[in-house]
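Any read-out appearing in this document is the output of simple, stated calculations on the displayed coordinates, not a laboratory observation. Everything numeric in this text was worked out from a predicted model, so none of it was measured. Every residue, glycine as well, gets a Cβ built from its backbone with ideal geometry; the counts of neighbours run over all protein chains shown.
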Amino acid sequence: MLTLILLELRKLLTSRSARLALAVSFLLPLLWAAAPRMNMLLGDLALVSGWQLPAVSIGVAVQFMLPLFIALTVAEMIGSEVSQGTLAPLLLRPVGRTHVIASKLAVALLFPFLLVAVTVLGSLLAGIPRGFGAFTGGTGMGPGLFVGVGQLGSGAALAEMLRGSFLAGVMLMPIAALSLLFGVLTLNTAAATLATLAALNIMRLLVVFPESVQRILLTSHFALYAEQGSVVGSVTLLLIYTAGFGLMAIFAFDRRDV
């Protein structure tokens, strides 16, 4: 199983879509950190520390860019192998179908964390001119968000950033599992990507429904990285989504003629 996971990870990291996604996620924070009107994103709140840029970068990217990258790259894990004719020979080897799709699922769920990691890395590099010492304010991922609750030390800022970055990866995991499911169902990269993005947009449109409905929507938890207090409920729901989509992908793959 570990061998299959490493194989899938190598294939993912050598794919052009994954490399492009990682490169763009790394470079964009460097660009918008120098944008003269970037403070308009925060209601003219001036950024005073490099520790604040990761929250800005994640907040901007999570609206469309990161879901798009995840949907496309994960869908390609199935679609490209089908189009190139490499998936069927793989299934002829003495390895179970469940192991094959489970290894793809494991790598797919890792990809959001890789994207968030390079986004944060690019943000920290862009934040060097602002410094990483103690400052008055917040990281955007802790109490008081960017306003903060007083002076924040470097250690506390780092802890808030790591917590928020991990939660950002968790909130994007269901998208990866959903894209893999659509990849299995359609066996086509473009169709699976469009289906994933359409599902997310439909969930966003359900904002007109009662709050009791909104609370169970995946897209209602896309600000998890900045949530304060207990996040157990949100994390539990996101893990349920991830497990549900993942198990459906495994079930469908076991019965899919490829």
How large, in Å, is the stretch 209-258 by the Kirkwood hydrodynamic radius built from its alpha-carbon pairs?
-> 12.7
Between the stretch 51-78 and the stretch 172-216, what's the alpha-carbon centroid distance in Å?
-> 14
Scanning the chain for helices, which whole DSSP H stretches are 30 Å or more long along the axis (Cα) and average 1.0 or more by Kyte-Doolittle?
-> 97-126, 154-186, 232-254
GNM top mover of Val120, Val149, Val235 - the chain, alpha-carbon springs below 10 Å | Val149
In whole percent, what relative contact order does the chain give with Cα contacts below 8 Å and a gap of six or more residues?
-> 26
Lys and Arg at +1, Asp and Glu at -1: add these up for the other residues within a Cβ distance under 11 Å of Ile250 and post the number.
-> +3
Based solely on its DSSP helices, what 222 nm [θ] is calculated for the chain when runs of n ≥ 4 H residues each add -39,500 (n - 2.57) and the sum is averaged over all residues, nearest 500 deg cm²/dmol?
-> -22000 deg cm²/dmol
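If packing is taken as the average count of other Cβ atoms within 10 Å, what order do 243-253, 175-185 fall into, highest mean first?
Details: 243-253: 18.3, 175-185: 27.5.
Taking the mean over residues of other Cβ atoms within 10 Å, the ranking is 175-185, 243-253.
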Candidates Val60, Val232, Val74; GNM for the chain (alpha-carbon contacts under 10 Å) flags as most fluctuating Val232
Once the other residues with Cβ under 13 Å from the Cβ of Ile5 are scored (Lys, Arg +1; Asp, Glu -1), what is the net sum?
-> +2
Alpha carbon centre of the stretch 103-150 versus the stretch 227-244: separation in Å?
-> 19
If eta is 1.002 mPa s and T is 20 °C, what Stokes-Einstein diffusion coefficient results for the chain, Kirkwood Rh from Cα pairs, in µm²/s?
-> 112
Over the stretch 180-238, with a single point scatterer placed on each C-alpha, what log10 of the ratio I(q)/I(0) does the Debye formula yield at q = 0.15, 0.24, 0.27, 0.28 1/Å?
-> -0.57, -0.96, -1.04, -1.06
How are the Cα pair distances of the stretch 142-258 distributed, in percent, across 5 Å bins from 0?
-> 2, 11, 17, 18, 16, 13, 10, 7, 4, 2, 1, 0
